[in-house]
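Here's the structure, in structure tokens; my notes come after.
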Amino acid sequence: MRWRVIGRKTLLLLVLLILLVGMALLAMLAVRTMTLTRLAVADDVIARIWWPATTIRMLAYALLAWGLYPIWVRAHLPEAEAAVDGLPPTGNGLQTDAGRTAIEADGVQRQRAVHRQWWVFGGCVGLDLWMTQFPYWLLRG
């Protein structure tokens with residue numbers, strides 16, 4: 001039997017899954033220890049920090065969209081250029097030309113991706129609305 005080495009992405013997903021399960025277990029423990037007094041205190045704390053925390057999250061999304069995302073995309077652009085440079089010239093066969101076309105299309109997509117900050121920001125805000133704002137609205141209803 002051969003042992004397979006776990007890749008970085010698989011390891012990251014495994015760690016995230018373990019963290020989610022741990023958070024669910026801690027949440028169940030927190031619910032068991034809640035009394036009406038503690039619940040009122042927690043509600044008061046949440047009401048005080050909600051909008052400042054929302055502002056900080058929006059600033060973090062803007063930093064991700066206009067700061068880190070373009071840097072990350074530009075860091076991956078040389079990979080696409082190197083892949084095109086490593087291919088034989090066009091006209092050496094139909095399969096080679098199709099591969100070159102696909103790799104060049106990937107490079108064009110990466111060039112366009114640099115300018116998609118609004119989509120990244122909108123996606124983050126949309127997830128924030130769905131995961132935090134909507135439940136908060138339901139609780140405050």
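Every read-out reported here was derived from the displayed coordinates using simple, explicitly stated rules and does not represent laboratory data. In this text the structure is predicted, and so the values were computed from the model without any measurement. Every residue, glycine as well, gets a Cβ built from its backbone with ideal geometry; the counts of neighbours run over all protein chains shown.
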Ranked list, fewest to most other Cβ atoms within 10 Å of each Cβ, for 37, 101, 132:
37, 101, 132
Pairs of alpha-carbon atoms within less than 8 angstrom and 6+ residues apart define the contacts here; what relative contact order does segment 8-140 have, in percent?
27 percent
Note, ³J(HN,Hα) from phi for segment 114-129, Karplus 6.51, -1.76, 1.60, rounded to Hz, x at Gly and Pro
4, 9, 9, 4, 5, 5, 5, 4, x, x, 5, 5, x, 5, 5, 4
